[in-house]
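Have a look at the structure below, then the notes.
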Amino acid sequence: MEKQELEETKHITSVSLETQSMKTQINQESKFKEIRNVFMGIDIGSVSIKILLLDEQENIIERLWLRNQGSPIESSKKGLAQLKRQLEDHGILNKIRIIGVGTTGSARYLIKSVIGGDIAKTEIIAHAVAAIHYNPEVRTILEIGGQDSKIIILRNGIVSDFAMNSVCAAGTGSFLDHQASRLGIPIEKFGEYALRASENVTIAGRCGVFAESDMIHKAQMGYSKESIIRGLCDALVRNYLNNVGKGKEIEEPILFQGGVAFNKGLIKAFQEELHKKVIVPENGLNIMMGAYGAALLVKEEAERTQKMIGTWETKFRGFDLLHFDFETKAFQCQGCPNRCEVVSVYMHKKDEETGEEKKELVARWGDRCGKWAVY
Amino acid sequence: MTKIISFPSMGWSRIAFRALFEKLPGVTVFPPPPVTRDIVKMGAKISPEFVCFPFKVTLGEFVNMIENHDIHTFVMSIDCGPCRLGFYAPIQEKILKDLGYDVEIIPIQQDDLLNFKWTKTLLQLSNVTNPIMKYYDVIRCTRLALVKMSYIADITRLEGLIRCREIHKGDTTRVVKNLMDQLDNEWDLQVLHHFDKVIQTAFAKIRIKHDIEPLRVIVTGENHIVMEPFINMDIVRKFGEEGVEVHLANSLYGWILHKLHINAERKKLEKLSKPYIPLDIGGEAIWVVGHYIEGQNQGFDGFIHLYPFTCMPENTARGILEGQSPDPFYLPIQFYSIDEHTGYEGMRTRLESFIDLMNSNRQGNPKFQNKYREPSEIKAIYDKKVPLTNHSPLFSEVLTPFTNNLNILISELFNMKATKQNTKGDRNT
């Protein structure tokens, strides 16, 4: 299992290493003459964690993608460890200084308090900001991630409308993952299978349960795997446009972001359904857009604060964080009949001089009334 | 022997419902406990899967009161309107009886309050034999309920306006809770007629930021969902704490006035939404569309529509609002379809993004006109030169209730005339 994940991360980094395009290239060691200030963007979703380092000239210095393991706290620690290793490999660990951390994704507040982030912004804003930087003309963003899908409409460079799937998870990455493993094909090949299909099969797209039972029936009737997968891609696109993109004007240029954008079958299905060109950010940047946006947002915030107050200091705990232990505790509040489950996160810190262990509360939430809340 | 009765709570409206029955001879009221997760779970377990969410919540409240508080008589409103609400009472009674509970649900007719069928329920509950005294009690109870529900509407409105301005977080929530408790336990009509001063003095103690222009949103949708803070995840408070001025469009008082045919506000909204929905299709559909158009004309920053997942009328309203955007409907809108889920994470993501969207909309949208005006209530409370006291001369104690009633009647009549003229003018142009 672990081996497979390592391979996946390698795959991503190798993809990024190969690229030599203007903005997305990884800067070589030789270019680092003096210490650079960098901003870190972390996008922690339900399936994976994405970390990206951005310097003050908005060049991407380092990036990584890891599948989530256990809790978000563990994954973020693993992510940071991996980042440190990558920086050492490139020999630039001592030549950068992290001066701002932005988090996004569904666990943004938790990660913000654990690693000491400066801002926590929603995925929608992060994706929109990143897309505007990638292509200033962009008017529509389709984003399909691990557990949710969104559509963002931009006009004149500002978000004018957005929608998230509020009803079901059909059409998200997890569902495709599940179906791929059920059909016995690796998820990376999913798109290729769909492109190879010769005939059209109609699969119900309204709901994941209907889609799955339809797929089983069609398989039993003797359709090939390829055409079933193509039918599934078509159904997901229909479902997405009806449920999430309901009534929204989808105008070009259209950016397709999120992990599912690796799936070529879905890109083709989108283009056929919309009769418009769908652009996927190059070099695997499509999955990094959230982290990219978070880094851009924290950079903006830092510049604004610098201008207003004159100073800016990050709350980032540094890579020492890897030696700290984090512990979560939950209890049921007895204050009212709601019986909210309150979760607290503690940090165990060892004082290097005295050797004493210190316990520090970094976050606490989960209550409705807000009397326990610590952010 | 007195009957112990109860009813669904619907947020703070439980105070008004309690006032309607508390002073009725022969009846003891058990105030319903606030809705909790367990109650929702209980109701959802025994409800049909695709029924609207308020059905599940109210049924859960009944089960909770039967099992934990030994109450067996409930009052529930019915009507013969276009939506499912009218049949809640008989179906809930049937479900509960099928499950073996000994229960009686007394219906109270609300489809047109001017036909006075609702008084039958009150007369039936009362154990007074003298017919004149019986009517006297009904009139007194109705007055109490009406007065209290008007103050509930005032307090919730001020809550939405003031929370975004408070300096110490949590002040408004505390003041509102104290005021509601005070209102719930006050039974003297003479005192109640001066309660607006109590409200103003209480709110005046909150320290606020002056001269700010916060974002303004209208929160509206299905009545029960909007008024019950547990099920809408207390969206009014969440917005307020993020510094957004909330205009809560629904109130029980407004609904009752509408049922008495004297709600000029709702009549105006009906006229506005006429091109899109020509008749009342149930729920709050026409008024939601009306509020949207009005909000857009008044330069609001956003619009929140809350509705139960399977509510037909509200879904229709949603379809109409979405179908007309971005032209002519350009006011940013967010829809929250609410059902059993209690997870707040998805809502928080959308709420925060919506606030960011409204902020950038203010700066970058050419269609947006800044028409912000400080609500007159803020001025009335905080710029008072004369200190507010509860003391008043002897005669006013007797006279004020009457003059108050008269004033309300005159202003409502005047409003109706004004709206009629307005709509005539619209037609001419």
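Send over the Kirkwood Rh of region B:192-233, from the inverse of the averaged 1/r over different Cα pairs, rounded to one decimal Å.
13.7
Considering every pair of different Cα atoms, what Kirkwood radius, in Å, is found for the protein assembly as shown?
Evaluated over the protein assembly as shown, this radius sits at 29.6 Å.
Express in whole angstrom the spacing between the alpha-carbon centres of region A:256-287 and region B:183-234.
49
With N set to the number of residues, divide the alpha-carbon radius of gyration of region B:67-173 by 2.2 N^0.38 Å and report two decimals.
1.46
Looking only at B:P366, B:P328, B:P313, which one moves most when chain B is put into a Gaussian network model with springs between Cα atoms under 10 Å?
Highest fluctuation among the options: B:P366.
Given a cut-off of under 8 Å on Cα pairs at least six residues apart, what relative contact order in percent is computed for chain B?
With pairs under 8 Å counted, the relative contact order is 16 percent.
Between A:K329 and B:D111, how high is the FRET efficiency from 1/(1 + (r/R0)^6) when r is the Cβ-Cβ distance and R₀ = 51 Å? Nearest 0.05.
0.45
In Å and on Cα atoms, what radius of gyration and Dmax does region B:10-142 show?
Over region B:10-142's Cα set, Rg and Dmax evaluate to 15.4, 47 Å.
Regarding region A:324-365, what whole-number volume in Å³ per residue does the convex hull of its Cα atoms give?
Convex hull volume per residue, Cα atoms: 60 Å³.
Using amide H atoms built in the peptide plane, which far-off residues or other-chain residues are under 5 Å from A:F162 H to H?
For A:F162, the qualifying residues are A:I153.
Between B:E345 and B:M416, what is the FRET efficiency for a Förster distance of 56 Å, r being their Cβ-Cβ separation, to the nearest 0.05?
0.75
What number do you get for region B:159-203 when its Cα radius of gyration is normalised by 2.2 N^0.38 Å, N = residues?
Rg over 2.2 N^0.38 Å, computed on Cα atoms: 1.25.
Report the dimensions of chain B along its three principal axes from the alpha-carbon atoms, largest first, rounded to Å.
Dimensions of chain B along the principal axes of its Cα atoms: 67, 59, 50 Å.
Could you list A:M215, B:M416 in order of exposure, starting from the residue whose Cβ has the fewest other Cβ atoms within 10 Å?
Lowest count first: B:M416, A:M215.
Which of A:L176, A:L361, A:L296 comes first, and how do the rest follow, when ranked by fewest Cβ neighbours within 10 Å?
Ascending Cβ contact count within 10 Å gives the list A:L361, A:L296, A:L176.
Residue farthest toward the positive end of the dipole of the protein assembly as shown, with Cβ of Lys/Arg at +1 and Asp/Glu at -1: which of B:Q109, B:I262, B:G11?
Result: B:I262.
Rounding to the nearest 20 debye, state how big the charge dipole of chain B is about its Cα centre with +1 on each Lys and Arg Cβ and -1 on each Asp and Glu Cβ.
1040
Could you run the Karplus curve 6.51 cos²θ - 1.76 cosθ + 1.60 with θ = phi - 60° over region A:282-293 and give me ³J(HN,Hα) per residue in whole Hz, x for Gly and Pro?
These are the phi-based 3J(HN,Hα) values: 6, 6, x, 6, 4, 7, 8, 4, x, 5, 4, x Hz.
Modelling each spin label as a point 7 Å along the Cα-to-Cβ direction, I'd like the A:H348/A:H178 distance in nm, to one decimal.
3.6
Taking the Cβ of B:R373 as the centre, find all other residues whose Cβ is under 14 Å away and add up their charges (Lys, Arg: +1; Asp, Glu: -1).
-3
If I model a spin label as a point 7 Å beyond the Cα along the Cα-Cβ vector, how far apart are those points for B:I408 and B:K371 in nm?
About 2.9 nm separates the two model spin labels.
Along the positive direction of the dipole of chain A (beta-carbon charges: Lys, Arg +1; Asp, Glu -1; about the Cα centre), which of A:V244, A:Y346, A:S76 reaches farthest?
Selected residue: A:V244.
Pull out a ≥ b ≥ c, the square roots of the eigenvalues of the alpha-carbon gyration tensor of region B:145-364, then state rounded if a/c is under 1.5, prolate if not and a/b is larger than b/c, and oblate in the remaining case.
In terms of gyration-tensor shape, oblate.
What is region A:135-284 by shape, rounded, prolate or oblate, if you read a ≥ b ≥ c off the alpha carbon gyration tensor as root eigenvalues and call it rounded for a/c under 1.5, prolate for a/b larger than b/c, and oblate otherwise?
prolate
Using a Förster radius of 56 Å, what is the FRET efficiency between B:K205 and B:K274 based on their Cβ-Cβ separation? Nearest 0.05, please.
0.80
Mean shadow of region A:96-146, computed from the convex hull of its alpha carbons, in nm²?
Value for region A:96-146: 4.7 nm².
Mind putting a number on the dipole of the protein assembly as shown about its Cα centre? Charges go on the C-beta only, +1 for Lys and Arg and -1 for Asp and Glu, and I need it in Debye to the nearest 20.
About 1380 debye.
Can you give the charge dipole size of region B:3-143 about its Cα centre, rounded to the nearest 20 debye, using +1 on the beta carbon of Lys and Arg and -1 on the beta carbon of Asp and Glu?
Here the size comes out at about 320 debye.
I want to verify the translational diffusion coefficient of chain A in µm²/s; compute it with Stokes-Einstein, Rh as the Kirkwood radius over Cα pairs, at 37 °C and 0.692 mPa s.
Translational D for this selection: 148 µm²/s.
If amide hydrogens are placed 1.01 Å from N in the peptide plane, which non-local residues have theirs closer than 5 Å to the one on A:I98?
A:V38
Can you work out the Karplus-derived ³J(HN,Hα) for every residue in region A:199-212? Use 6.51 cos²θ - 1.76 cosθ + 1.60 with θ = phi - 60°, whole Hz, and x for glycine or proline.
So the Karplus estimates, Gly and Pro as x, are 10, 8, 10, 8, 10, 5, x, 4, 8, x, 5, 4, 4, 5 Hz.
If the label point is 7 Å along Cα→Cβ of B:I46, which residues in region B:67-88 have backbone nitrogen under 19 Å from it?
B:67-77, B:87-88
Connecting C-alpha atoms closer than 10 Å in a GNM of chain B, tell me which of B:A145, B:A202, B:A153 has the biggest fluctuation.
Result for chain B, Cα springs under 10 Å: B:A202 fluctuates most.
Computed from the coordinates by the stated procedures, all read-outs in this text should not be read as laboratory data. The structure presented is a predicted model; accordingly, all values stated were derived computationally and were not measured. Note that each Cβ is placed from the backbone with ideal geometry, even for glycine, and that neighbours are counted across all protein chains shown.
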